[in-house]
Amino acid sequence: MSLPDFAALPAVDPSLSWNNSFAALGPTFYTRLAPQPLPAPYLVAASPDAAAALGLDTGWLQSDAALQLLSGNALPQGGDPLASVYSGHQFGVWAGQLGDGRALLLGEIDTPQGPMELQLKGSGLTPYSRMGDGRAVLRSSIREFLASEAMHALGVPTTRALALVGSPLRVRRETMETTAVVTRAAASFLRFGHFEHFAAAGDHAALRQLADYVIARHYPECQAGAALGNPYADFLQAVSERTAALVAQWQSIGFCHGVLNTDNMSILGLTIDYGPFQFLDAYVPNHVCNHSDHRGRYAFDRQPNVALWNLYCLGQALQPLIGAPERVVEALDAYKPAFPRELIARMRAKLGLLAPHADENALIDGILRLLADNAVDTTIFWRRLAHAVAADHYEPVRDLFADRAAFDAWLLSYMELLCQSDKALAADLMLKTNPAYVLRNYLAEQAIRQAGAGDFSEIHRLQALLAHPFEERPGDEAYALPPPDWAAHLSISCSS
Ligand code: AMP
Ligand code: MG
């Protein structure tokens with residue numbers, strides 16, 4: 001493996017002040033290295049929303065200087081690029097050392113929301129590439145780019161995607177495919193697996209250093225250990241609560257992650273590492289979107305339990321810092337009330353209920369069972385229900401159910417609760433909670449196929465649409481439809 005040295009690359013200064021606080025932790029945590037140059041890079045898409053959030057000039061994103069930086073062909077001045085080391089449990093089994101096998105942390109920049117890390121994904125070999133080539137294909141990069149920004153617009157915590165740069169460089173997956181680099185942004189890219197790595201190595205000094213770093217920067221409220229008498233226990237409890245809130249959002253919008261290994265779990269409770277993810281079309285609770293997941297470990301309805309299983313791995317890793325195992329369990333137990341609390345709050349909003357109600361659980365369970373029994377399209381149902389409440393006309397929703405009598409019975413009990421709310425306020429809340437558009441697999445697939453022919457207009461169109469998922473756009477009605485026949489059994493490759 002030959003890695004280019006820093007001196008070989010020109011430095012680019014987009015008038016940003018770069019820093020890298022993670023680098024200051026020392027080389028136990030990473031390997032410093034430069035990206036591998038990407039031949040003949042071209043900008044496929046950039047996110048103006050992400051740029052604005054980062055305080056970057058959108059015009060600069062279109063510049064050649066930006067292209068060089070975002071393809072890994074130039075280095076940020078004052079940045080300190082590195083690949084971090086982590087380990088993890090994959091499909092329930094300890095996988096040992098993994099690490100940033102194709103990602104590189106460029107450094108962090110000051111933004112209106114505080115320091116944000118920028119990371120290139122697909123920027124070449126690192127010491128953690130194992131058998132991989134360090135690259136990402138354009139196909140999966142389009143999915144990650146669009147999904148990251150779509151999730152953000154839906155209000156779901158996620159890593160952001162600033163830019164997508166393509167290259168004629170080809171790598172082998174099932175077939176030969178062209179490659180790309182996605183520039184991701186997050187306050188931190190640390191995963192549960194980073195902590196597991198140092199715990200498994202028995203390096204408790206490094207484990208403590210890492211935990212202290214994350215607590216000081218991202219969980220300062222845990223420093224005093226006020227809740228459970230220990231800062232690391234408070235930290236674990238806070239991560240458990242954030243993770244519960246994240247998974248509740250996934251379940252409420254029908255998002256299936258697909259690869260919930262502990263190395264794909266963000267310590268900040270962000271959605272991270274978009275692979276074979278899927279937004280549900282028909283509401284199929286046990287849907288498995290990852291075709292390599294033969295046992296359905298990461299089925300949609302297993303996500304809440306798997307997230308807790310992953311938190312137990314994090315808890316085990318933090319145990320040397322927390323001490324008493326009972327305190328670890330106590331911290332993790334925060335997940336159990338937090339998840340249903342967060343989920344019910346989300347579902348309440350989807351139903352337009354403005355206050356908690358004794359009968360709400362039965363109402364929520366009832367509609368989810370009906371959606372599953374009638375294989376109703378998830379997104380269409382909720383959006384139509386919002387419009388139905390706004391117009392006080394329920395026929396279009398009723399039409400979605402084969403079992404009309406069962407729906408009518410549910411509707412009756414729903415109306416009873418809804419009557420207690422202000423209808424206009426309820427409809428308004430529902431229209432802001434139930435999106436008209438999500439990144440269905442077939443929509444991404446259409447954009448990918450066109451991009452393969454050199455036409456990126458569909459990517460840009462989806463970007464614009466999904467940036468405002470709660471606003472119907474005249475002329476874009478087709479994007480809110482269920483998958484067409486050709487895509488009914490679309491198989492998304494898990495290779496990326
Ligand atoms: P993922 O399944 O994408 O979350 O990746 C799991 C591990 O495999 C991580 O350590 C990745 O960095 C690594 N990996 C995935 N794809 C590649 C690749 N093409 N080259 C090098 N490492 C990779
Ligand atoms: Mg990963």
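Points worth noting:
- Every residue from region 148-171 that is more than 21 Å from Thr58 (Cβ to Cβ) and either modelled with pLDDT under 95 or not polar (S, T, N, Q) (or both): Leu154, Gly155, Val156, Pro157, Pro168, Leu169, Arg170, Val171
- The residues in region 133-155 that are in a helix (DSSP H, G or I) and farther than 30 Å from Arg383 by Cα can be counted, and the count is 1.
- The single residue among Ala464, Ala447, Ala436, Ala424 that is assigned to a helix (DSSP H, G or I) and under 19 Å from Arg384 (Cβ atoms) turns out to be Ala424.
- Qualifying residue in region 237-247 (condition: closer than 20 Å to Gly155 by Cα and within 16 Å of ligand 1 (Cβ to nearest atom)): no
- Residue match in region 278-287 (condition: in a helix (DSSP H, G or I), more than 16 Å from ligand 1 (Cβ to nearest atom) and more than 23 Å from Trp94 (Cβ to Cβ)): no
- Of all residues in region 457-496, exactly one satisfies the criterion of being within 21 Å of Arg173 (Cβ to Cβ), surrounded by 18 or more Cβ atoms within 10 Å (Cβ to Cβ) and of a type outside the set (A, V, I, L, M), namely Ser496.
- Among the residues of region 89-121, the ones that are modelled with pLDDT under 95 and either within 13 Å of ligand 2 (Cβ to nearest atom) or among the polar types (S, T, N, Q) (or both) come to 2 in all.
- Across region 73-102, the number of residues qualifying as surrounded by 21 or more Cβ atoms within 10 Å (Cβ to Cβ), among the small types (Gly, Ala, Ser) and within 23 Å of the chain's Cα centre (by Cα) comes to 5.
- Scanning region 184-197 for residues that are more than 16 Å from ligand 1 (Cβ to nearest atom) and either buried (at least 22 other Cβ atoms within 10 Å of the Cβ) or among the hydroxyl-bearing types (Ser, Thr, Tyr) (or both), we see that the one that is nearest to Gln97 (Cα to Cα) is Ser188.
- Boolean, Pro127 is touching a residue at least 40 places away in the same chain (Cβ under 8 Å) and in contact with a Pro (Cβ under 9 Å, 6 or more places away or on another chain): no
- Criterion: at pLDDT 95 or above, part of a loop (DSSP other than H, G, I, E, B), closer than 27 Å to Ala334 by Cβ and within 12 Å of ligand 1 (Cβ to nearest atom) - qualifying residue of Asp273, Asp263: Asp273
Let's see how each residue does on (1) surrounded by 15 or more Cβ atoms within 10 Å (Cβ to Cβ); (2) in the same structural domain as Thr178 (by TED's automatic domain parsing); (3) in contact with a Pro (Cβ under 8 Å, 6 or more places away or on another chain); (4) not aliphatic (A, V, I, L, M):
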position	(1), (2), (3), (4)
Pro39	no, yes, yes, yes
Ala45	yes, yes, no, no
Gly55	no, yes, yes, yes
Trp60	yes, yes, yes, yes
Leu67	yes, yes, yes, no
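- Residue, nearest to Gly55 (Cα to Cα), within region 122-136, restricted to residues that are away from ligand 2 (no atom under 14 Å from the Cβ) and either hydrophobic (A, V, I, L, M, F, W, C) or not assigned by TED's automatic domain parsing to the domain that holds Pro35 (or both): Leu125
- Leu443 being without any contact (Cβ under 8 Å) to a residue 40 or more places away in the chain, under 22 Å from Leu43 (Cβ atoms), outside the structural domain of His287 (by TED's automatic domain parsing) and buried (at least 19 other Cβ atoms within 10 Å of the Cβ): yes
- Tally of residues being crowded, with 21+ Cβ neighbours inside 10 Å and among the charged types (D, E, K, R) across region 349-382: 1
- Among the residues of region 170-192, those that are more than 16 Å from ligand 2 (Cβ to nearest atom), more than 13 Å from Leu106 (Cβ to Cβ), assigned to a strand (DSSP E or B) and in contact with a Ser or Thr (Cβ under 8 Å, 6 or more places away or on another chain) comprise Arg170, Val171, Thr178, Thr179, Ala180.
- Residue in region 229-236 that is over 15 Å from the mean Cα position of the chain (by Cα) and within 17 Å of Asp263 (Cβ to Cβ) present: no
The values are calculated or read from the model by the stated rules, or taken from the named source; none is laboratory data. Treat the numbers as computed from the prediction; the structure is a model and nothing was measured. Cβ sites come from the backbone with ideal geometry, for glycine too, and all protein chains shown count toward neighbours.
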